[in-house]
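J.: This is the structure I have questions about; it appears just below.
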């Protein structure tokens, strides 16, 4: 297992406040990187260390009984995104959320996540 010593990591944090009429309000506009029917929570994003136009984002994705991590890529500084709401890293059923994104100095994309079937932290990479 490789150890990553230095990581440039940008976190996206959204704050929601409960108001008296029991509806949620936020000081930020809700933005989905990849429009879909999945809920995207716990977002995280990393920038390529040599090319700031390349971004790698993830979110814990939930739809009915399906749980995974979304994988989203931008090559133009975040103007456009491609990706999927279900990480296909094996074993697929062991994706339990709490994603972390890293792009190492060699351009390898690394996605860390909690286990679902087996407890612990796991990683998938490009």
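The values are calculated or read from the model by the stated rules, or taken from the named source; none is laboratory data. Since we're looking at a predicted model, the values are computed, not measured. Note: ideal-geometry Cβ built from the backbone for every residue, glycine included; neighbour counts use all protein chains shown.
J.: Inside the range 102-122, can you point out the residues that are within 21 Å of residue 49 (Cα to Cα), touching a residue at least 24 places away in the same chain (Cβ under 8 Å) and surrounded by fewer than 16 Cβ atoms within 10 Å (Cβ to Cβ)?
T.: Within the range 102-122, 105, 107 qualify.
J.: Next question. Going by the structure shown, is residue 22 out of contact with any strand residue (DSSP E or B) (no Cβ under 9 Å at 6 or more places or on another chain) and either closer than 23 Å to residue 119 by Cβ or at pLDDT below 55 (or both)?
T.: Yes.
J.: Can you tell me which condition residue 94 does not meet? The list is (1) touching a residue at least 40 places away in the same chain (Cβ under 8 Å); (2) surrounded by 15 or more Cβ atoms within 10 Å (Cβ to Cβ), and all the others hold.
T.: Condition (1) is where residue 94 drops out.
J.: A follow-up question, please. Could you grab the pairs with beta carbons closer than 7 Å, sequence gap of 6+ or different chains, first residue in the range 51-75 and free of Cβ contacts under 8 Å to residues at least 24 places away in the same chain and on the phi > 0 side of the Ramachandran plot, second one surrounded by 15 or more Cβ atoms within 10 Å (Cβ to Cβ) and in a strand (DSSP E or B)?
T.: none
J.: Suppose we keep only residues that are in a loop (DSSP other than H, G, I, E, B) and at pLDDT below 95 within the range 53-76. Which one would you say is surrounded by the most Cβ atoms within 10 Å (Cβ to Cβ)?
T.: Step by step, filter the range 53-76, then rank; the result is 64.
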